[in-house]
Each structure stands twice: as C-alpha cells, then as structure tokens.
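Single-structure report; data block below.
The values are calculated or read from the model by the stated rules, or taken from the named source; none is laboratory data. Small disclaimer: the values here were computed from a predicted structure and weren't measured. For neighbour counting, all protein chains shown are included, and Cβ atoms are generated from backbone atoms with ideal geometry for every residue, glycine included.
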Amino acid sequence: MRNTILRDWVLKSRIALKYFHFNEHLRDCWVQAQALKVPNGSKVLDVGAGSCPYRNYFSHCQYKTHDFAELKEEQLRFYKGYGNLDFVSDISSIPVEDNTFDYVLCTEVLEHVPEPILAIKEFARILKPGGKAIITAPLLAGIHQEPYNFYAGYTPFWYQKFLSKYNFENIEINENGLSNKFYSQESLRFLLTNHPFANFVTFLFTPFWIILCAILVPFAFVADIFDRYDNEKRTTVGYFVTAQKKV
C-alpha cells in the first residue's frame, strides 16, 4: 500500500518527477521540444506507443500509434493500459507502405525488441526521404516490463553505426542526465525499495535509513549542478537521438 502511495505521488508531482525521477521528466521535456519543431499536418507514427503519453504533444499533426500490445496494464506508463492504437504488429513489420511518414517517434522501446537493428531498418523503410526519427532508449536500466526486456546499453556508437547503415544522416545524440543525477535517482530508488516497512530486516536498519535520507534526498536537488562538472560524460540513464533519412 505504501509503495503504491509513493508511486502515485511520484507520477503526479512535478517536483518528484523533476528531482526524484528525473529521467522521465527530462525525456518528456525533450520529446515536447521535438514536437514543437514538427510542422503542422506532418504525418507522425509513434512506434511502441503504449499508453500514448505523447498524443497531446503532436495534436497539430496527423498522429498515428503503433504497438505490439502484449504487456499487462500495470506494466504500462500511468498504469492505465494501452491507448487507442492504429497499428498492432511486430516492430519490424509495421503494416504501412514505404515512405509513408514524416516522423517516427520511438521512446524507451528498443530495449524491449528482440532484434532492434531490424527496427531501425523498418524506420528507414516507412519514413519519407528527409523524414526524421526521434528515438530514446536506456544506457543503464534495471529489468522492467519483463519478459519483454532484452537489452540496455544503447551507446552513441550503436546509434551512429546502425542509423548510418540504414541511410540516416545528421545524427544528433544527447545525454539524459549524467552520472550525478543517475546515481542520485538510483539511490532514491534504493531508499524507496528498502524503506523501514518493507520487511523486518529493513525495519532493523531504520536509523541508518533515516541518515541516508538526510543525505541523499537533498542531494537530488543539486545533482544537476554537479553534472555540469562531469567532463567524462560516460554515465547516463540513456540518450536522446534524432536522425534524418537521406534524401
């Protein structure tokens, strides 16, 4: 019950999303910024759309949705089940003609695809020449939406290699937070998972848990400041990627 209350608070609170579950917050902001660049009336396909959280961002477009539709309701974002889907199929064989869409949106999907390289190939097929792919996927993530969780570790080198292979250019890759924000978020996840009421063992460590809270919760509010000094940029939740199909 307590875990449910905490989960609902994180989902509904802007402050909680921004500082305690930053990866989703930054991803939403980035997708919204990309949507604002999309011209009115453009044909957009949201691949692996799930509960369709970005539908409103693309309300000025001809927005279509796709998913393989095999997950349980509680495994989807907002825990509300699938949105209205226009296409249900495997990601490597979406039932549309070649050169149909101006934009393909694919957020946090590739880790759930058995053959993600074929997904990139399919994006190239269904995009018009000059069309854009808007992609996010994790570099570091725990198991989720099992049993459909096959990979993580999508590096800039992966995107460069396979997007280039399938006729994409102008590839832009940006980090979703850096090491301090990542470790801060995962530390808070540890605190929520191992709170004093989780089981008898964690209850015994209540004083230690309180001390950790006093340190880790405030750090969440300043982690982005420390990230500015992360010159190596080797640790991140994942990457935000855009690429354009060659004309």
Looking at ILE134, ILE120, which is the one that is under 21 Å from ASP46 (Cβ atoms), in contact with a helix residue (DSSP H, G or I) (Cβ under 6 Å, 6 or more places away or on another chain) and outside any strand (DSSP E or B)? ILE120
Considering GLU169, GLU122, GLU146, which residue is at pLDDT 95 or above and loosely packed, with under 15 Cβ neighbours inside 10 Å? GLU169
THR193 vs (1) at pLDDT below 90; (2) of a type outside the set (D, E, K, R); (3) under 30 Å from VAL247 (Cα atoms); (4) exposed (fewer than 15 other Cβ atoms within 10 Å of the Cβ): all pass except (3)
Of all residues in the range 88-132, count the ones that are among the charged types (D, E, K, R) and in contact with a strand residue (DSSP E or B) (Cβ under 8 Å, 6 or more places away or on another chain). 5
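Residue by residue, here is whether (1) out of contact with any Asp or Glu (no Cβ under 8 Å at 6 or more places or on another chain); (2) modelled with pLDDT of 95 or more; (3) outside the structural domain of ASN149 (by TED's automatic domain parsing); (4) under 27 Å from GLU175 (Cα atoms) holds:
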{"site": "TYR63", "(1), (2), (3), (4)": "no, yes, no, yes"}
{"site": "GLU74", "(1), (2), (3), (4)": "yes, no, no, no"}
{"site": "VAL88", "(1), (2), (3), (4)": "no, yes, no, no"}
{"site": "LEU127", "(1), (2), (3), (4)": "no, yes, no, yes"}
Filter the range 90-105 for residues that are surrounded by 16 or more Cβ atoms within 10 Å (Cβ to Cβ) and free of Cβ contacts under 8 Å to residues at least 60 places away in the same chain; which is farthest from PHE240 (Cα to Cα)? VAL96
Output the residues belonging to the range 106-117 that are charged (D, E, K, R) and not in a loop (DSSP other than H, G, I, E, B). GLU111
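Conditions (1) closer than 28 Å to LEU105 by Cα; (2) in contact with a Cys (Cβ under 8 Å, 6 or more places away or on another chain), marked per residue:
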residue	(1), (2)
TRP158	yes, no
SER187	no, no
LEU191	no, yes
THR202	no, no
THR235	yes, no
LYS245	yes, no
Please work out which residue is nearest to ALA220 (Cα to Cα), limiting yourself to the range 156-188 and to residues that are of a type in the set (Ser, Thr, Tyr) and touching a strand residue (DSSP E or B) at 6+ places or on another chain (Cβ under 8 Å). TYR159
Tell me yes or no: at least one residue of the range 59-82 is crowded, with 19+ Cβ neighbours inside 10 Å and either among the hydroxyl-bearing types (Ser, Thr, Tyr) or in contact with a helix residue (DSSP H, G or I) (Cβ under 7 Å, 6 or more places away or on another chain) (or both). yes
